[in-house]
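Enquirer: The structure is given below, and queries will be raised subsequently.
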Amino acid sequence: MLIVSYSRLVSDARILKQINLFKDAYELTTCGYGPAPEGVAQHYEIPGEGTYWQRNRLATILHLYTWAYWSSTASAWCRRNLPQGYFDVTFADDIDSIGVGLWTKPKLGIHADLHEYSPREKEDVPRWRMFVKPYMEWQVRHFVKRADSCSTTATFFASEYEKNFGIKPTLVVNATPFHDLQPTETPKNGPIRLVHAGTCRPDRFAEVMIDAVASLQDRYTLDLYLVNNNSSYFTQLSEKCREIPNVNLYPGVPYDKLIDTLHRYDLGFHNLPPVNFNNRYALPNKFFDFIQARIGMVIGPTPEMVSRLDEYQLGRVAADFTTGALREALDKTTPAEVAAWKQNAHRHAHELSSENVVGLWKDAVDRIVAAKG
């Protein structure tokens, strides 16, 4: 079995769950950036300079999409180095690797894991909307529809794929593996400890969260752990945080240390302004990370998060995504509520762990094997 993804596999939470799921039942080969993940039989490391998202500009503009796809240095490298007709099953992660997955011509079939709704990923950027959106739609029609089965991460993504392309992805949410932890004691007098962990991207608007906490210095502290994949924005945020006594910015932590890091806090803090379709309807792994860390959460009103937060009573939702709304939500929150949310996270940690959803991937692959094996 081959798992192929244009990501750094050893730090990609979703890929690591797939590897752990299949490594004992299959002779597992991986293909992606970075070193070999633990437990795989063979690994094809895409060179770091092999970027999957840089394609021939003229080919993209002229809608010569097959040329555009294979002009990517990552896809071209995979075509030169991966064998054809060797693997029984290929498991391709996210839209850009599915063409390579099909090219490997697996003997039994291919599963496509669509992490988001790719045709509207960056629709807030006019140039992307004009030139890349049609290319993404072509990939869905030309590649995804040829897969034997597919999955995605959120209900609205699945319904959008079905409405526009007639495909029906299985919902496999980005749940976090179960961690055997206990809720920490919530401060009754001192400040409540907020935490946010994620990527350092301008379209995530971390400064909105920072500004919300800045005026609540007696009640809250905020620590941000951001993966520095945009050095200028990271520097900008660092300079901003240095001026605010109760806010600190740290580099991102490795995935295997993330939950233990979050566990030291009281509330997860997350706000994703809906600047595009994927932001509006995301169900990010942060939601499930907070649960496994046994902390409550204060979030912006992202629908897929809100429905689950309300069902399990895990925290508070701001009225909108602005600094003022986040500040108001924090201002309303009491230590007693935080303690209760932590207990609710603990109560539902087993139910909302990845162990209860990854079986859907196994079922999909089992059906491929049973149908053609």
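Enquirer: Quick one: which residues, 5+ away or cross-chain, put their amide H under 5 Å from the amide H of Gly109? H built at 1.01 Å from N.
Expert: Thr90
Enquirer: Separate question: Could you compute how fast segment 192-348 diffuses translationally, taking Rh as the Kirkwood radius over C-alpha pairs and applying Stokes-Einstein at 10 °C with viscosity 1.306 mPa s? Give it in µm² per second.
Expert: 103 µm²/s
Enquirer: For a quick check of your reading of the filter: which GluC sites (Glu not before Pro) in segment 307-373 sit in a DSSP loop and have no more than 12 other Cβ atoms within 10 Å?
Expert: Hits after loop and neighbour filter: Glu351.
Enquirer: Are there any trypsin sites (Lys or Arg not before Pro) in segment 75-161 that are in a DSSP loop and have at most 16 other Cβ atoms within 10 Å? List them by number.
Expert: Of the trypsin sites (Lys or Arg not before Pro), the ones in loops of segment 75-161 whose Cβ has at most 16 other Cβ atoms within 10 Å are Lys107.
Enquirer: What is the fewest-to-most order of Phe91, Phe288, Phe205, Phe131 by other Cβ atoms lying within 10 Å of their Cβ?
Expert: Phe131, Phe205, Phe288, Phe91
Enquirer: Sticking with this structure for a sec: So how tilted is helix 231-242 from the main axis of the chain? Cα-based, degrees 0 to 90, rounded to 10.
Expert: The two axes meet at around 10 degrees.
Enquirer: Related question: Given 20 Å bins starting at zero, what is the percent of C-alpha pairs of the chain in each, up to the one with the largest pair distance?
Expert: 28, 56, 16, 0
Enquirer: Based on alpha-carbon atoms only, what is the radius of gyration of segment 200-260 relative to the globular estimate 2.2 N^0.38 Å?
Expert: Compared with the compact-globule rule of thumb, segment 200-260 sits at 1.12.
Enquirer: Which one of Ala212, Ala154, Ala59 has the biggest mean-square fluctuation once the chain is modelled by GNM with Cα springs under 10 Å?
Expert: Taking springs between Cα atoms under 10 Å, the residue moving most is Ala59.
Enquirer: So, one more: Give the cross-link partners of Lys372 among the lysines, using a straight C-alpha distance below 22 Å as the criterion and excluding same-chain residues fewer than 8 apart.
Expert: Leaving aside lysines fewer than 8 places away in the same chain, those within reach of Lys372 are Lys23, Lys105, Lys107, Lys145, Lys168, Lys362.
Enquirer: Would you report the distance distribution of C-alpha pairs in segment 240-285 as whole percents per 10 angstrom bin, up to the bin with the largest distance?
Expert: 19, 37, 39, 5
Enquirer: Mind listing the long-range amide H neighbours of Cys150? Cut-off is under 5 Å, sequence gap 5 or more, other chains count too, H placed in the peptide plane at 1.01 Å from N.
Expert: Answer set, sorted by chain and number: Ala112, Thr170.
Enquirer: By how many degrees, 0 to 90 and rounded to 10, does the Cα axis of helix 303-312 deviate from the longest principal axis of the chain?
Expert: Once rounded, one gets 60 degrees.
Enquirer: I've got another one for you. What net charge is computed for the residues neighbouring Val125, neighbours being all others with C-beta under 13 Å from the C-beta of Val125, Lys and Arg scored +1, Asp and Glu -1?
Expert: Residues near Val125 contribute +2 overall.
Enquirer: Here's a follow-up. What lysines could a cross-link reach from Lys188, if we take a straight Cα to Cα line under 20 Å and drop same-chain neighbours fewer than 8 places away?
Expert: Hits, sequence-local ones excluded: Lys332, Lys342.
Every number here is computed from the coordinates shown, using simple stated rules; none is lab data. The model shown is predicted, which means the values in this text are computed figures rather than measured ones. Neighbour counts run over all protein chains shown; Cβ positions are idealised from the backbone, glycine included.
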